[in-house]
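Sharing a structure, written as C-alpha cells. Questions coming.
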Amino acid sequence: MQTKLITGTVAFTLALAGIALADDFMPPDWRGDPLTVLAEWEFTVDFTPDPLNVPPENLITAGDGTHLLGDAWTHAHVGENVFWEVDPGDPNDGRAYTLDLPGQIDFFLVNWIDEYEFKHIWIQITYGGQGRPVVSGVLGPNPFDNGWVDPTFGVFQFAIEVDPNHRVESWILMPNPDREHVYVDVPPWTWVDQVVIDTISTPEPVAVESRNWSDVKALFD
C-alpha cells in the first residue's frame, strides 16, 4: 500500500476546510457511526504514580455490538523517559514530555467484537518542543488464538502534517481485532499535549478521509 505524507500551511488549510484549529483538530467523518470507538488522552492528571494505567479523559463507544471489557481496559502505558508536568500555558492542564532521551507511549484500546474484516485507526497528536512524535506501530492479537504471540501488524496509510504542532496518521489492521496497541514514539525534548484515537470496523477497505479535510488531501496526492 502506498504511503503518503501531506503538508500545507495553516492559513491555507483552515480557509479551505472552514474550521477552527483545536485540540481535536481533524476528526474522521465516520466518528460516532456503528462499531466506532473514540478515546482521548489530555494528560490532565499526573500519571507518575501509575504510568502503566493512564485512563483516557474521554472514552466513547457507539454501535450495536458487544463491547469486550473483562480483563481488558482502554488505557495508556507511559514508558521510561516520559514524564508529566503542568502545562505552562494552562495551570489546569498537563502534558507528557521527554528530556534528553526518547520515550514511548503505548495506547491500548478495547473495541467491538464483530465479524467485519478491517479495522481503521485514526490518530491525532498535538505536540510541541524540538521533535515530532510519530506512530511507530499498530498491533493487534493473533487472529487464530486471540493472543499476542505472532501478533497482527497494522499497515500505515498516510500522515498529515497540519502544522508544526499537529499531526494525523491513518492505519489499517486486517484481520480486524477486538483490541489493539498504538505505539507513539516521542523524541527527546518534546512534549505531547493530547492524543485522540478513533477506530471503526468495516467489511471492506475504504478511503479513510476526514469530511472537512478531504479536499486538502487531494491537493497533495
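Go through (1) surrounded by fewer than 21 Cβ atoms within 10 Å (Cβ to Cβ); (2) at pLDDT 95 or above for VAL135 and report which single condition fails.
(1)
Here's another thing I want to ask about it. With respect to the numbered conditions (1) modelled with pLDDT of 95 or more; (2) within 18 Å of VAL184 (Cα to Cα), which one is the sole condition not fulfilled by ALA39?
Of (1) modelled with pLDDT of 95 or more; (2) within 18 Å of VAL184 (Cα to Cα), only one is false for ALA39: (1).
For the subset of region 168-199 comprising residues that are within 14 Å of the chain's Cα centre (by Cα) and of a type in the set (Asp, Glu), which member is farthest from ASN146 (Cα to Cα)? Let's see the steps before the verdict.
First, the residues of region 168-199 that are within 14 Å of the chain's Cα centre (by Cα): 168-173, 179-186, 192-199.
If we keep only those that are of a type in the set (Asp, Glu) as well, we get 169, 180, 185, 193, 198.
On the way: GLU169: 26, GLU180: 11, ASP185: 26, ASP193: 33, ASP198: 22 Å.
Here the residue is ASP193.
Any idea which residue in region 65-82 is modelled with the highest pLDDT, counting only those that are assigned to a loop (DSSP other than H, G, I, E, B), within 15 Å of ASP178 (Cβ to Cβ) and not polar (S, T, N, Q)?
First, pick out the residues of region 65-82 that are assigned to a loop (DSSP other than H, G, I, E, B): 65, 68-74, 79-82.
After this cut, where a residue has to be within 15 Å of ASP178 (Cβ to Cβ) as well, the list is 65, 68-74.
Now restrict to residues that are not polar (S, T, N, Q): 65, 68-73.
On the way: GLY65: 45, LEU68: 51, LEU69: 49, GLY70: 50, ASP71: 49, ALA72: 61, TRP73: 82.
It comes out as TRP73.
Return only the number of the condition from (1) over 23 Å from ASN92 (Cβ atoms); (2) modelled with pLDDT under 90 that LEU59 does not satisfy.
In the conditions (1) over 23 Å from ASN92 (Cβ atoms); (2) modelled with pLDDT under 90, LEU59 misses (1) alone.
Let me ask something additional. I need the full set of residues from region 138-169 which are more than 19 Å from VAL186 (Cα to Cα), surrounded by 15 or more Cβ atoms within 10 Å (Cβ to Cβ), among the polar types (S, T, N, Q) and in contact with a Phe, Trp or Tyr (Cβ under 8 Å, 6 or more places away or on another chain), in order please.
Of everything in region 138-169, just one residue is more than 19 Å from VAL186 (Cα to Cα), surrounded by 15 or more Cβ atoms within 10 Å (Cβ to Cβ), among the polar types (S, T, N, Q) and in contact with a Phe, Trp or Tyr (Cβ under 8 Å, 6 or more places away or on another chain), namely GLN157.
To continue, here is another question. For region 187-203, name all the residues that are in a strand (DSSP E or B) and closer than 17 Å to ASP87 by Cα. Steps first, please.
Initial filter on region 187-203 (in a strand (DSSP E or B)): 190-202.
Once the filter is applied, which keeps residues that are in a strand (DSSP E or B) and closer than 17 Å to ASP87 by Cα, region 187-203 yields THR190, TRP191, VAL192, ASP193, GLN194, VAL195.
Let me ask another. Given the residues ASN111, ASN176, which is the only one that is buried (at least 16 other Cβ atoms within 10 Å of the Cβ), modelled with pLDDT under 95, polar (S, T, N, Q) and closer than 17 Å to PRO205 by Cα? Spell out the reasoning first.
Numbers: ASN111 fails: closer than 17 Å to PRO205 by Cα.
Among ASN111, ASN176, only ASN176 is buried (at least 16 other Cβ atoms within 10 Å of the Cβ), modelled with pLDDT under 95, polar (S, T, N, Q) and closer than 17 Å to PRO205 by Cα.
One line per residue, one yes/no per condition, for (1) closer than 16 Å to SER170 by Cα; (2) in contact with a His (Cβ under 8 Å, 6 or more places away or on another chain); (3) not polar (S, T, N, Q):
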residue	(1), (2), (3)
GLU85	no, no, yes
ASP90	no, no, yes
GLY94	no, no, yes
TYR97	no, no, yes
GLY103	no, no, yes
TRP112	no, yes, yes
GLU117	no, no, yes
GLY131	no, no, yes
VAL134	yes, no, yes
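Tell me which residues, restricted to region 182-197, are surrounded by fewer than 21 Cβ atoms within 10 Å (Cβ to Cβ) and either of a type in the set (Ser, Thr, Tyr) or modelled with pLDDT under 95 (or both).
At the first step, the residues of region 182-197 found to be surrounded by fewer than 21 Cβ atoms within 10 Å (Cβ to Cβ) are 183, 185, 187-189.
TYR183, the sole residue that qualifies.
Also, I was wondering about something else. Of all residues in region 72-116, which are hydroxyl-bearing (Ser, Thr, Tyr) and under 30 Å from PRO34 (Cα atoms)?
First, pick out the residues of region 72-116 that are hydroxyl-bearing (Ser, Thr, Tyr): 74, 97-98, 116.
Result: THR74, TYR116.
The values are calculated or read from the model by the stated rules, or taken from the named source; none is laboratory data. Everything numeric in this text was worked out from a predicted model, so none of it was measured. Backbone-built Cβ (ideal geometry, glycine too); neighbour counts: all protein chains shown.
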